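Just so it is clear, none of the values below were taken in a lab; they were calculated from the coordinates. Computed from a predicted structure; not experimentally measured. In this analysis, Cβ positions are derived from the backbone assuming ideal geometry, glycine residues included, and neighbour counts consider all displayed protein chains.
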Amino acid sequence: MRDWRFTARQLAKNPLSLIGVILIAIFLVIAIFAPLIAPMPAGQTDPYMIPRDGYWAEPRPPSELHPFGTTQGQYDVFYGVIWGARTAFRVALIVISVSILIGIVLGSLAGYFGGVLDEVIMRITDIFMAFPWLILAMALVTVLGPSMKSVLIALCVVWWPSYARLIRGDILQVREEDYVEAARGLGASSARVIMRHVLPNAIYPALIMASLDIGAVVLSAAALSFLGLGAPEGYADWGQLTQFAQNWIIGPMNDPLKYWYAVTIPGLFIFFFVLGWNLLGDAFRDIFDPRLARR
Amino acid sequence: MELRAYIIRRLLLLFPVLLGVTLFIFGITMLFSPIERASLYVSGVREFSDLPEIIARFGLDRPFFMQYGTWINQVLHGNLGWSFVVGMPVWDAVWSFLPATLELAMFAAPLIVFMGIFLGTRAAAHKDKPVDHVTRILAISGWSLPTFWLGLILMMIFYGLIRGFLPPGRLSVPMDFVVHSAGFTRYTTINTIDAILNLNGPVLLDALRHLILPVITISTVNVAFIMRLMRSSMLESLGRGYVLTARAKGLSERIVVNKHARRNALIPVITVSGYVFAGLAGGAVITESIFAYKGIGWWAYQAASRLDIASILGFALFTGFLFVLVNLIVDIIYTRVDPRVRLGGTVQ
C-alpha cells in the first residue's frame, strides 16, 4: 500500500507522466463508451465489424455522415478507430495476462529450484529470443489461420519468455531472504513457500513492467495486422485501417495529399495510445530506479 | 582464458540454439496435415491427383522426428531446399537478398549508434535542463511511433507531395539497367559500394536516394532506444566516485564527461547495439516491405505469409547463426572497453 501511494505521489510531480495518464484516460473513455460514441448501425450483429458505405475502392473525404471519411472499401474510419480502442485494450489485456501467467509459473520454477530445471527453461527462452519475434508470430498466424485468436496466441508465444526471465531474476533475489529461509525451516512445502512468501515479494516490479508493456503489445499487434496477418477484413483494428490506406498514400498529380485522412488518422490513434503508456513507463522507470532513495 | 579456445567454445553453442529454433519451427509446420503440406508443391487444381505421390516421395506422412532427421541430413549435405516464393534454392536466396539488407544496415547502424550515444550523453550531462527535456520527449515519441505508419507518412511527403523525390525500391529503372549492363562490374551487389568501385556517380546518387527513407524509418525507433539507454547508463556513471575524483583533480567538464564517465557508461550500450545490429542484418521486415526494398526481411515476410517452410527454416538458421555470432563479437568488444572483464569469466 505504501508502495502504491509513493508511486502515485511521484507520478503527480512529473508533468510528462501526467500527460500519459490523461492520454490513457481518454482512450479508456473511448473504449468504454464506444457504443455511445459510434453506435452500431441497425441490423448489424457484431459491433466490432466496421460498417461500410458501398464497395467503391477509393477512400472518400470526411463528411457529415463519416466524420473521418471512409477508407479503401468504404469502411467508416471514425467507427473503426473508436471501436479499435476496445480491440487495443482487449488484445493487450489478454496477451499480457496470459504471458505473465506463463512467466510466473516457469520463472518461479526456474528461479526457485535452479539446477537442471533452471538451465532447461532458460535455454528455451534463449531459443525464443534468438529468433525475430515478428517472423515467428507471422509464421504462427499463417499456420493457425488468420484470425483474432491466432494473433493473440502468436503474441503470447513470443511474449512470455521475457517475463519468465524477469520473474526468475526477481525470485533469485528474494529466495535468499531470511523470511524465506525461516518458512522453509518451519517445514513449509515448496509450493507454499513459493506462493505465500517468494512470489508476493518478487512480483511487484514484474507487474509494473507488464502493465507498461500494453503499448508495446498494441504496437506489435498493429504491425501484424498491417502485414495482413490478423483480424478478418473489416474488423475494427487500427493496424488494419492503416493497411487499407497503404495503396492511397499518394494522391493524383494535382492533389498529392488527397487521401491524408485515411493514412494519418488510424496511425495517430496507435501513436497516441502507445505514447500514453510510454510516457507513464518513463516516469515509472525513474521512480523504480533503486539508486534514487525513497522517502 | 585464451581467446581462440573461448571463440571455439562459444561457436559450439551454435548447435543447440540452431537445433532448438529449427525444431520449434518444424514443429509448428507439422500442425498441418501431409495433404496440406504436399499441396504447397503443386501449382494448380489439375495436379491434385499427384498429391499422394508427393507425400510418398518426400515422406510427408512419416513420424515427426524422422522428417526432421531427413531435413537435418539434407542441411548437413548443403541442401537447404527450394524457396518457392522466389523460385530459387534457399541458399541462393539468402545470398541474393543479404547484400540489400546489409546495405541498409551499413547506413543505419552507425547513424543509430552514434546519434544515440551522442544525444544520450548530452541529455545526461545536462540532466533536467532543456536539452534533457527536449531529447526525452523526442525519444519517447520516436519510441511510440508505429514503424509502418512512419514509413507511409514519410513516403506520403517525400514521394507524393514532393513528387518522385525519394522513391521506393533499390534503384530506378534506368539505373538498374546500368547496373546490369556489361560496363558495370557488380563486385558486392551492394549498390553504393559497387557504384564507388565503378566510379559511377549517377548510380551512387540514385542508390542513396532510395536509401534515405528506409534508413530514417528504421533508425527512428532505434535511436530513441539507444539514447534512453545511454542516458541512464551515463547518469549512473556520473554518480560514481571516479567522476568525483576527476572533477576534484580540476579536469575540465568536457574531459570528465567524455573520457571518464562515458567510457564506463558505454558497456551496456554496446550489448544492446549488438542486438540492434543483429536485428538490422536479420532483415527489417516492415521497413523492407513498405519500401519494396528486396532484402532478407522482405523475403522472410513473403515466406512466412505464404508458408514457404523451407525458406522459413533457412531463415531461422540464418538468424540463429547471426544471433550467436553477434553475441560473441559483443563479448570480445567488452574486453577492449573494460579490461576487468575476462572472457568466459566474471568481472574481477
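Compared with the direct C-alpha span, the chain from B:ARG57 to B:TRP91 gains 10.0 nm at full extension, assuming 0.36 nm per residue. Compute the Cα gyration tensor for the range A:86-144, then decide on rounded, prolate or oblate, letting a ≥ b ≥ c be the square roots of its eigenvalues: rounded whenever a/c is under 1.5, prolate when a/b is larger than b/c in the other cases, and oblate in all that remain. Cα axes put the range A:86-144 in the oblate bin.
Given B:ALA278, B:THR188, B:THR70, which one lies farthest toward the positive end of the charge dipole of chain B, if we put +1 on the Cβ of every Lys and Arg and -1 on the Cβ of every Asp and Glu? It is B:ALA278, whose Cα lies furthest towards the positive end. Taken about its Cα centre, the range B:196-348 carries a charge dipole of roughly 780 debye when the Cβ of each Lys and Arg holds +1 and the Cβ of each Asp and Glu holds -1. Residue-wise HN-Hα couplings along the range A:214-230, as the Karplus relation 6.51 cos²θ - 1.76 cosθ + 1.60 with θ = phi - 60° gives them from phi, are 3, x, 5, 4, 5, 4, 5, 4, 5, 4, 4, 4, 4, 7, x, 10, x Hz; Gly and Pro carry x. Given R0 = 41 Å, the distance between the Cβ atoms of B:ASP50 and B:LEU19 translates into a calculated FRET efficiency of 0.80. At R0 = 56 Å, how high is the FRET efficiency between A:LEU36 and B:ALA182 if r is their beta carbon distance? Nearest 0.05 is fine. Efficiency, rounded to the nearest 0.05: 0.20. Take chain B, mark every one of the trypsin sites (Lys or Arg not before Pro) that falls in a DSSP loop and has at most 16 other Cβ within 10 Å, then report the longest stretch left between them, sites excluded. So the longest stretch without any such site is B:1-126.
In a reduced charge model with +1 at each Lys and Arg Cβ and -1 at each Asp and Glu Cβ, the range B:1-83 shows a dipole moment near 380 debye about its Cα centre.
The angle separating the long axis of helix B:130-144 from the principal Cα axis of greatest extent in chain B is about 10 degrees. GNM remark for chain B: springs join alpha carbons under 10 Å apart, and the peak mean-square fluctuation among B:THR188, B:THR22, B:THR319 falls on B:THR188. All C-alpha to C-alpha distances of the protein assembly as shown, sorted into 20 Å bins beginning at zero, yield P(r) values of 16, 49, 31, 4, 0 percent in whole numbers. Note on chain B: GNM, Cα springs under 10 Å; of B:ALA265, B:ALA56, B:ALA124, the largest mean-square fluctuation is that of B:ALA56. Helix A:15-32 and the long axis of chain A differ in direction by around 60°, with both axes built from C-alpha atoms. Estimated from helices alone, the mean residue ellipticity of the protein assembly as shown at 222 nm is -22500 deg cm²/dmol (sum of -39500 (n - 2.57) over DSSP H runs with n ≥ 4, per residue). Loop-located chymotrypsin sites (Phe, Trp or Tyr not before Pro) in the range B:148-218 (DSSP state other than H, G, I, E, B) with a sparse environment of at most 11 neighbouring Cβ atoms within 10 Å: B:TYR187. Other residues whose C-beta falls under 13 angstrom from the C-beta of B:LEU119 contribute a net charge of +4, scoring Lys and Arg +1 and Asp and Glu -1. In this simple spin-label model, placing a label point 7 Å from the Cα along the Cα-to-Cβ direction at both B:PHE118 and A:SER63 gives a separation of 5.0 nm.
Around the Cα centre of chain A, unit charges on the Cβ atoms of Lys, Arg, Asp and Glu (plus for the first two, minus for the last two) sum to a dipole of about 740 debye.
Of the residues A:LEU212, A:SER190, A:ALA164, the one whose Cα sits farthest toward the positive end of the charge dipole of the range A:152-213, with +1 on the Cβ of Lys and Arg and -1 on the Cβ of Asp and Glu, is A:SER190. Between B:VAL173 and B:ILE72, the FRET efficiency from the beta-carbon distance, with R0 = 35 Å, is close to 0.20. Largest GNM mean-square fluctuation among A:LEU106, A:LEU186, A:LEU140, using chain A with Cα springs under 10 Å: A:LEU186. Couplings 3J(HN,Hα) for the range A:46-61, derived from phi with the Karplus relation 6.51 cos²θ - 1.76 cosθ + 1.60 (θ = phi - 60°), are 9, x, 7, 8, 6, x, 10, 10, x, 10, 4, 6, 5, x, 10, x Hz, where x marks Gly and Pro. Measuring nothing but alpha carbons in the range B:3-116 and taking Rh as the Kirkwood radius, the Rg to Rh ratio lands at 1.10.
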